[in-house]
1. Averaged across the residues of A:80-89, what count of C-beta atoms belonging to other chains lies within 10 Å of each residue's C-beta?
2. Equivalent ellipsoid semi-axes for the stretch B:9-75, as square roots of 5 times the alpha carbon gyration tensor eigenvalues: give them largest first, rounded to whole Å.
3. Any chance you could check the Cα centroid distance between the stretch A:48-84 and the stretch B:28-45 for me, in angstrom?
4. Within 10 Å of each Cβ of A:19-28, how many other protein chain Cβ atoms are there on average?
5. Using Cβ counts within 10 Å as a stand-in for footprinting exposure, how do B:42, B:54 rank, fewest first?
6. In peptide A:55-65, how many Cβ atoms from other protein chains are near each Cβ within 10 Å, on average?
7. Put a dot 7 Å past each Cα toward the Cβ at residue B:39 and residue B:64; how far apart are the dots in nm?
8. State, in angstrom, two size descriptors of the stretch A:39-93 derived from its alpha carbons: Rg to one decimal place and Dmax to the nearest whole number.
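No lab work stands behind these numbers, since they all come straight from the coordinates. As the structure is a computational prediction, the values presented were derived from the model and not from experiment. Here Cβ is always computed from backbone atoms with ideal geometry, including for glycine, and neighbour counts include all displayed protein chains.
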DNA sequence: TAAACGTGACACCAAAAGGTTTCGTATTTA
DNA sequence: TAAATACGAAACCTTTTGGTGTCACGTTTA
C-alpha cells in the first residue's frame, strides 16, 4: 500500500500556502505548531496542507513527544524539473532570437 | 487592464489535461476542435482549460475564419523554473552524498 | 441559399479544495 | 495530580474546479 499518492507533485505545489511550507522546511525541520505560527490560519488547515505534501512525498513527519516534526524531501520536485526541461528549449530559443534581433538592431543604428 | 491573471502558472500547470494541451501546442499551433479530438472530453471543457492557460499567459488564441487557433507561450514557465532552482541544491546534495556513499561502499567490498 | 461546421456564452451540476470548530487523548509542566 | 500543550479526527460549510448540455451566431461548403 505505502502512502497512497492521492496527490501528485504538480498539484501539491500549486497552492501558495504549501509552497511557503516547503520553504520553511527547507530552512530546518519544524513542529506543526511552529509552522502554524507563520500563517494566519488554523492548525488544522496547516496540518491538512502537510498531509497533501506528504502524499506527494515532499515532506515526512515524525512524532517526538507531543510534537510532530516535519522534514522536507525535495526529491519529487525532480519530476517537475524534468517536465520543464522539455519546454526550456522553447523559451531559450526565443531569448536567443530576441538577443540576435537586438544585436542586429544595435548594429543598424 | 490586460488579461487579468486570475490563475498563476503553478495552478495552470497542475492539471494533467492542461499539461497535455501544452505538449500538443508545443508541436504546432492547433485549432480548438483539433485539440478536442485528442481528449475524451467535450469541446467546452477543453475551451475552459485553454482559457485558464490563457489567463496564465501560457497560450494565446487567434481567430481564423470559423476556427480559433491556439499558440504556446512557454515563457511564464520560467517562474516555475526559478522557483525550483532554490530546491535543486537540496536534492543535488543528496544525490552527491548518495553517490559518495555508494562509492565508499564499493571500495569497502 | 441551405446545410454543415466551429465557436462562444450560458445555465447547470457533482465533487474536490480549502477552510472552520469541536472534542478526545497523549504528553509535558507546574 | 492538575493544568496546559500539541495533536488527530470528525463533522461541517462555502467556494472553486472540472465537467456537462443547449442554443445562437458567424463562416464555409455543397
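1. Per residue, the number of nearby Cβ atoms from other chains is 5 on average.
2. Ellipsoid semi-axes (Å, largest first): 17, 14, 10.
3. 35
4. Average neighbour count from other chains, rounded to a whole number: 1.
5. Details: B:42 10, B:54 18.
Arranged by neighbour count, lowest to highest, B:42, B:54 become B:42, B:54.
6. So the per-residue partner count for this stretch is 0.
7. 2.0
8. 16.1, 54
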